[in-house]
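Below: one structure, written as structure tokens.
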Amino acid sequence: MVKSDFGYNSKIEGEVIVTRADAVVNWVRSHSVWPMPMGLACCAIELMAAGGSRFDISRFGMEVMRFSPRQADCMIVSGTVTYKMAEVVRRIYDQMAEPKWVVAMGACASSGGMYRSYATLQGVDNIVPVDIYISGCPPRPEALLDGMMLLQEKIRQEGGSLKRTFRGRTVDTKIVS
Amino acid sequence: MDVLALTQKFPQTQNCAGQDMTTFAVNSAELADIVKYLRDEQGFDLLADLCGMDWKDRTPNLGVVIHLLNTKNREYVRLHAACVDDSVPTVSAIHPGANWHEREAYDMFGIKFIGHPDPRRILMWDAYPYHPLRKDFPLAGIEVPFPAADVAAVTGQTVEPAPMMGGPFVSSGGHMSGAEPQALDQSWNEEKPKS
């Protein structure tokens, strides 16, 4: 959290905190990002390692991996997205409630990686808006944690958190099935 | 194994003098009978592999290769059969494990397995119009509509040919097969078709 957001001296100002609604909402959101583990290939192994005790993603309030998209905030696309799977990825993304974020973990999810072939979607950003790209093949868990901290930073800087539109786009619920 | 008994029972079977295992070229109409005979009479009770092949220069170019294992004396035998009208009889009634192998061979090569109980694609989506492991299919792919029309309407995405030039996984040096495109070989790629 940016210190100036809540900077106050209780001896002078009393037991009152003055802040902006955006700052509070973003602070809450950034510390309870519930990920949807979209594990499609070997990156998912590193994602699991990040959930384990050595790397411990729960330090960032992210240990609550939700396999239901309705309960998740952040889809971590970890692995190769084939065209056949791309449809499913998009449908799951559409089923997530706003606000939602997408992390493209690893080379395949970011750009298709080494899979230059007829079967592989060349980057998951072709079908869903991606907030954070993490390089690596696969990235180490530290890289994932670094990316998730970047995502937290991004969430903190968002404005208009309480509006019906989210980050400039209207909430699109056309494909929910 | 008893090679003589097999070739006498199925006279159209040719012994190909395989270097790593006994190999026969068989008539595709007899394929299922031979697999059943080898299982029941000669103890080849395990289907180790079944795959499609595109021999490119042969006519017909498509075929099926089957590896069978005798689990008693640990002996392998390889059968290959050329397709007739892109089809061969199924062996999934004899070895149920062949079911998904044959679906894969159908998906990747377009080989139809006559009598297969579930002749659907297994890897690509059902509406995909090509058979990508055929030699005349480019590795980059051919542009086709996205599998789901409603997702395509929102994202504007199609199944497009993958880029073949450059990128992080460029292999360099040494002799490589000319059958597949390489990143450094610019003679054919998504912009220039294979001559």
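Just so you know, the Rg over Rh for segment B:17-89 is 0.98, from Cα atoms, with Rh as the Kirkwood radius. Using a simple spin-label model with pseudo-atoms 7 Å out from Cα toward Cβ, residue A:53 and residue B:46 lie 4.0 nm apart. Here segment A:20-156 is treated with +1 on each Lys and Arg Cβ and -1 on each Asp and Glu Cβ, and its dipole about the Cα centre works out to around 160 debye.
Among B:45, A:125, B:107, the ranking by other beta carbons within 10 Å of each residue's beta carbon, starting with the fewest, stands as B:45, A:125, B:107.
In whole percents, the pair-distance distribution calculated for segment B:1-157 from its alpha-carbon pairs, binned every 10 Å from zero, is 10, 37, 30, 14, 6, 3, 0. Both radii are taken from the alpha-carbon atoms of segment A:20-156; with Rh as the Kirkwood radius, Rg/Rh is 0.96.
Taking θ as phi - 60° and the Karplus parameters 6.51, -1.76 and 1.60, the scalar couplings of segment A:51-64 work out to x, x, 6, 5, 9, 6, 5, 5, 4, 9, x, 10, 6, 7 Hz in sequence order, x denoting glycine and proline. Loop-located trypsin sites (Lys or Arg not before Pro) across segment B:1-57 with a Cβ neighbour count of 12 or fewer within 10 Å are B:56, with loop assigned by DSSP. Using Cα centres only, tell me the gap between segment B:27-60 and segment B:85-142 in whole Å. The two parts, judged by their Cα centres, are 15 Å apart. Per-residue mean of foreign Cβ neighbours for B:151-158 is 5 (Cβ atoms of other chains, 10 Å radius). Among A:152, A:53, A:85, which residue has its Cα positioned farthest towards the positive end of the charge dipole of segment A:20-156, with +1 placed on the Cβ of Lys and Arg, -1 on the Cβ of Asp and Glu, and the dipole taken about the Cα centre? Selected residue: A:85. Residues whose amide H falls under 5 Å from that of residue B:46, counting only those 5 or more places apart or on a different chain, are B:69, B:71, with hydrogens built in the peptide plane. Put simply, the amide H of residue B:112, placed in the peptide plane, has neighbours under 5 Å in B:87, B:88, leaving out anything fewer than 5 places away on its chain.
Each of A:101, B:100, B:125 was scored by other Cβ atoms within 10 Å of its Cβ. Arranged with the fewest first, they read B:100, B:125, A:101. Footprinting exposure proxy ranking of B:24, A:55, A:67, B:44, fewest other C-beta atoms within 10 angstrom first, gives A:67, A:55, B:24, B:44.
What order, most packed first, do the peptides A:34-46, A:132-144 have when packing is the mean number of other Cβ atoms within 10 Å of each residue?
Final packing ranking: A:34-46, A:132-144.
All of the numbers you see were taken from the coordinates with simple rules; none came from a lab. In this text the structure is predicted, and so the values were computed from the model without any measurement. FYI the Cβ positions are ideal-geometry reconstructions off the backbone, even for glycines, and counts take in every protein chain you see.
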